[in-house]
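Engineer: Here you go, one structure.
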Amino acid sequence: MGLSVMQVLSDLTNFMRIAFRTDASSQIGTGHVMRCLTLADALREQGAECHFVCREHEGHLMDHISSRGYELHALPRPDANGSFESDLAHASWLGVGWKSDADQTRQALSSETFDWLIVDHYALDHCWESVLRSSCKRIMVIDDLADRRHNCDLLLDQNYYSNLNQRYQDLLPDHCISLLGPSFLLLRQEFYLAKHDLGVRDGIINNVLVFFGGNDPTNQTEKVLKAFEKLQLPNVSIDVVVGHTNFNRELINAKCDQLPNTRYFYNAANMAELVANADLGIGAGGSAMWERCYLGLPTITVVSAQNQLRTTKDVASLGAIEYLGLADLLGTGDYMQAIVNLIYDQQRVIRITNAALDMFKKESGVSVVDVMLNFDSYSYQKTCFSNQQSNLPA
C-alpha cells in the first residue's frame, strides 16, 4: 500500500478549508459518513478546517459528527411529498430535489471559501456539482457505482472491480484525476497500527467477529447468533458489534447475554483491535469488508445492499473472502454450514487470509491526500491511478 493518509499529511503546510456533502440514514446506511469522517480526522490533525453538510434523515449521524468536533451545517428534513427532479437510481435517497439540495448547500457554505468540496452521495451527479462550483476551488467525488456523470476534479473509488479501469469512461471530465482500487483505501490510523503489529494467522478459529454494518436492515446478526446457539461450539468466543442505526440492538444485546463466550459492543471504538484479534469474520460487504481484508481476516461475507454486489463478487473471485450470498435470502442454516465449513478446513482459511493480504502488498506510489494537497503537480498529467500500478489483476 502507498503512503498512509497520516504520513502524507505530515507535509501539509497551508491551512485548508474542506467541506463534505454526505448523508447517513436508515436507508442509506452509515458507510458514506464514516469514510468521510476518516478523511476529515486525518486532515484536521494537520490543521485543516473541515465542515459537514448533512440532511436530517431518519437515522442520521449528525450528533455523532458534532461530537467529533466538526462544524455541522444541517439541512432540513426530507420532503415526504417532494419531487426528486432526477432519474438517477438513488435519487430518492436525497430526500428532496437536487436543485433544492444544491441551493440549500450553497447557502450553508456561503460564508466560506472552500479549497475542496468532497461529495459522497449516490443521489448527486454532475448537475448538482456544476451548481456548487462557485462555492469551492475544487470538487472531489467518492463513488463506487459508476452509474452517472460527474463534474469533478478528483474521483475516488477505493473498491476492487475486475473492470476497474473502464468503469468511469465517458462519465468524468477530461481533466479529472481518478484514484481507483484498494490501494487508496481510507482507513483510520488504528488500522495502520494494527497492521504493523499483526500476528501470523494460522487458520485455527477460536474467536469470531460479527459485524453487519451500521444498521443491518435484515438483522443478519440475529441469524448468526442463532447459528452459534445451535452449533454449540464451547471453544469459540464471539464478539458482536452493532452500529449507530441498528434498530435491533436491544434484542441483539439480550441475545448475546444468553450465549456463553459472547461479548456485545455498541458503536465499538476499537474496531481495528477486534478485527486483528479475530480468527474469522462474519459480515456484510462495503467499507467494513475492506477493513477486514486489510488485516487479513478471513470473512464469511454477505451482500446487504445492491451497490455492494459487484465488488463483493469480484473480491470473492480473488479468493479474499468467503461469499455466502444475498443477505435477505439467507437463513440460520446457511450460516451454520458456512461456519462449520471453515472451522474444519484450516488450509482454506489460510488461503483466504493470504489472498486478502495480497490485495495490499504492492504500493500504488501515491495517496488520496497526496493528490489533494499537490493537485497542481498531478493535474497536468490527467492521470488515472489504479490497480494496474498495484499487485491486483487488471
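The values are calculated or read from the model by the stated rules, or taken from the named source; none is laboratory data. None of the values given here were measured: they were computed from a predicted structure. Here Cβ is always computed from backbone atoms with ideal geometry, including for glycine, and neighbour counts include all displayed protein chains.
Engineer: For residue 314, which of the numbered conditions (1) within 23 Å of residue 204 (Cβ to Cβ); (2) among the acidic types (Asp, Glu); (3) under 22 Å from the mean Cα position of the chain (by Cα) fails to hold?
Structural biologist: (1)
Engineer: Only one residue in 216, 202 is charged (D, E, K, R) and farther than 18 Å from residue 241 by Cα. Which one?
Structural biologist: The unique qualifying residue is 202.
Engineer: Then there's this: Among the residues of the range 121-134, which ones are over 21 Å from residue 170 (Cβ atoms) and surrounded by fewer than 20 Cβ atoms within 10 Å (Cβ to Cβ)?
Structural biologist: 131, 134
Engineer: Right, something else. I need a count of the residues in the range 267-304 that are aliphatic (A, V, I, L, M) and under 13 Å from the mean Cα position of the chain (by Cα).
Structural biologist: 3
Engineer: Right, another one. Looking at the range 219-260, which of its residues are of a type in the set (Ser, Thr, Tyr) and over 22 Å from residue 279 (Cα atoms)?
Structural biologist: Residue satisfying the conditions is 245 alone.
Engineer: I would also like to ask the following. Which residues, taken from the range 331-369, are surrounded by 18 or more Cβ atoms within 10 Å (Cβ to Cβ) and not in a helix (DSSP H, G or I)?
Structural biologist: If the condition is that a residue be surrounded by 18 or more Cβ atoms within 10 Å (Cβ to Cβ) and not in a helix (DSSP H, G or I), then 359, 360, 364, 366, 367 are the ones that fit.
Engineer: Can you pull out the residues in the range 89-120 that are buried (at least 20 other Cβ atoms within 10 Å of the Cβ) and either touching a Lys or Arg at 6+ places or on another chain (Cβ under 8 Å) or not assigned by TED's automatic domain parsing to the domain that holds residue 59 (or both)?
Structural biologist: Residues satisfying the conditions are 94, 95, 96, 101, 105, 114, 116, 117, 118, 119, 120.
Engineer: Could you check residue 213 against (1) under 25 Å from residue 317 (Cβ atoms); (2) outside the structural domain of residue 302 (by TED's automatic domain parsing); (3) not hydrophobic (A, V, I, L, M, F, W, C) and say which number it fails?
Structural biologist: Only one criterion in (1) under 25 Å from residue 317 (Cβ atoms); (2) outside the structural domain of residue 302 (by TED's automatic domain parsing); (3) not hydrophobic (A, V, I, L, M, F, W, C) is unmet by residue 213, namely (2).
Engineer: Residue check: is residue 270 closer than 21 Å to residue 340 by Cβ and out of contact with any Phe, Trp or Tyr (no Cβ under 7 Å at 6 or more places or on another chain)?
Structural biologist: So residue 270 does not fit the description; no.
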